[in-house]
1. Quick check: from the Cα gyration tensor, does the range 15-82 come out rounded (a/c under 1.5), prolate or oblate?
2. Placing +1 at every Lys and Arg Cβ and -1 at every Asp and Glu Cβ, with all other atoms neutral, what dipole size does the range 25-100 have around its Cα centre, in debye to the nearest 20?
3. In whole Hz and in residue order, list the ³J(HN,Hα) couplings for the range 23-34 that follow from phi through the Karplus curve 6.51 cos²θ - 1.76 cosθ + 1.60, θ = phi - 60°; x for Gly and Pro.
4. Around Leu51, with a cut-off of 13 angstrom between Cβ atoms, what is the net charge of the other residues, counting Lys and Arg +1 and Asp and Glu -1?
5. Roughly speaking, what is the centre-to-centre gap between the range 42-107 and the range 19-38 when only Cα atoms are used, to the nearest Å?
Amino acid sequence: MSAIPLQQSLDGSADPLAALLAQVAEGRRDAFESLYRQTSATMLGICLRVLRDREEAEDVLQEVYVAVWSKAAQFDQQRARAMTWLGTIARNRAIDRVRARPSPALHEPIEDHELADDEAPTPAAGIDAALERAQLDDCMDQLEPKRRSLIRTAFFENVTYDVLALRAEAPLGSVKSWIRRGLQQLKACLER
């Protein structure tokens, strides 16, 4: 069995998990075992956050890797990093399991219900936020370094265009154009 060369991720860095997924798509059990060893703890964590029951999360984890084995050929590294793709499968399987549960509210007296804290994020929302953050990071990494730096400074540090132009030693109009084009690239990337 010859090893497949590491595949390049969207930002040009090697993504060894993408290479393993390509080998799994070819039916290589050794690659599948390696992929499982490297990712199962993270995938179990995602399942646990959604399901809140270890035994059920372990059952769903098995379903996740059965799906990975059968769908590895569908992985497209142009759309997402391998870990993001795997995390999405785990999250969706766990959510499907939650939806399949009978509602406990149907079996409990109404006076036993406590009011939920509407402001606290749910585990599923936390996973959604983590996956969205990973996708945003991947898309940001695709930008030209100057645009990426300007966008990060403008939006994450709340710096005005005038100050950015001074820092970059560039005309204000150029800075605005660079940021606008960078945001257009981000939007296109995030909509894939």
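1. prolate
2. Its charge dipole is roughly 300 debye.
3. Couplings: 5, 4, 4, 7, x, 7, 5, 5, 5, 5, 4, 5 Hz.
4. +1
5. Using only Cα atoms, the two centres lie 18 Å from each other.
Bear in mind these aren't lab numbers, they're just calculated from the coordinates by the rules spelled out. As the structure is a prediction and not an experimental result, all values here were calculated from the model. In this analysis, Cβ positions are derived from the backbone assuming ideal geometry, glycine residues included, and neighbour counts consider all displayed protein chains.
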